[in-house]
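**Q** Supplied in structure tokens, the structure appears directly below.
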Amino acid sequence: MLRLGYSPDALIEVLHTTQQSFGYLDGVALTYVGETLGVPLSKVYGVATFYSLFTLKPQGEHTCVVCTGTACHINGATGILAAIRARFGIGPKETTPDDRISLVTARCLGACSIAPAVVFDGEAKGKQTPAAVVATLEAL
Ligand code: FES
């Protein structure tokens with residue numbers, strides 16, 4: 001926040017850095033960020049819950065982001081999500097009971113030319129199939 005001049009316009013970047021630092025955004029963090037930037041908690045909470053890459057709960061050891069934007073949807077994202085549910089028993093915004101894998105969805109990762117796209121621990125992979133995604137997650 002200091003680096004960004006405590007600007008209310010820096011809210012998204014501050015939330016992103018906060019999540020990178022602590023793994024997720026809890027009530028204490030949201031309140032602190034809001035009070036420090038002079039942004040109402042309702043707005044901070046609204047931003048944190050609007051963007052799918054922000055999470056209010058602790059995440060698993062590994063994170064899998066399945067893009068469900070139009071290009072990825074047309075090219076098989078639904079099948080990927082179904083395969084993950086069938087193999088690991090989790091849906092979007094859920095974590096496996098052993099805390100190993102968290103599943104998140106996003107509305108376009110900006111990689112439509114390689115749809116369907118999936119991000120594993122920050123590394124994007126394109127042209128994914130349900131079997132390939134399950135294999136990657138099993139390896140993790
Ligand atoms: S729709 Fe999936 S990367 Fe754009």
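**Q** Could you go through segment 73-86 and let me know if any residue there is assigned to a loop (DSSP other than H, G, I, E, B), within 16 Å of the ligand (Cβ to nearest atom) and surrounded by 15 or more Cβ atoms within 10 Å (Cβ to Cβ).
**A** Yes.
**Q** Give me the residue from segment 93-116 that is part of a loop (DSSP other than H, G, I, E, B), more than 16 Å from T78 (Cα to Cα) and open to solvent by 80 Å² or more (accessible area, probe 1.4 Å) and, out of that set, nearest to the ligand (Cβ to nearest atom).
**A** R100
**Q** Taking the condition of being free of Cβ contacts under 8 Å to residues at least 40 places away in the same chain and of a type in the set (A, V, I, L, M, F, W, C), how many residues in segment 85-102 meet it?
**A** 2
**Q** Would you be able to say whether some residue in segment 64-72 is away from the ligand (no atom under 16 Å from the Cβ), surrounded by 13 or more Cβ atoms within 10 Å (Cβ to Cβ) and of a type in the set (A, V, I, L, M)?
**A** Taking every residue of segment 64-72 in turn, none turns out to be away from the ligand (no atom under 16 Å from the Cβ), surrounded by 13 or more Cβ atoms within 10 Å (Cβ to Cβ) and of a type in the set (A, V, I, L, M).
**Q** OK, next. Could you list all residues from segment 117-140 that are within 16 Å of the ligand (Cβ to nearest atom), buried (at least 18 other Cβ atoms within 10 Å of the Cβ) and closer than 16 Å to H62 by Cβ?
**A** Of everything in segment 117-140, those that are within 16 Å of the ligand (Cβ to nearest atom), buried (at least 18 other Cβ atoms within 10 Å of the Cβ) and closer than 16 Å to H62 by Cβ turn out to be V118, V119, F120, Q128, V133.
The values are calculated or read from the model by the stated rules, or taken from the named source; none is laboratory data. Note that the coordinates shown come from a computational prediction; the quantities given were computed from them, not determined experimentally. Virtual Cβ from ideal backbone geometry, glycine too; neighbours counted across all protein chains shown. When the accessible area is computed, the model is the full protein with side chains, heavy atoms only, and any ligands, DNA or RNA have been set aside. Shrake-Rupley method; radii C 1.70, N 1.55, O 1.52, S 1.80 Å.
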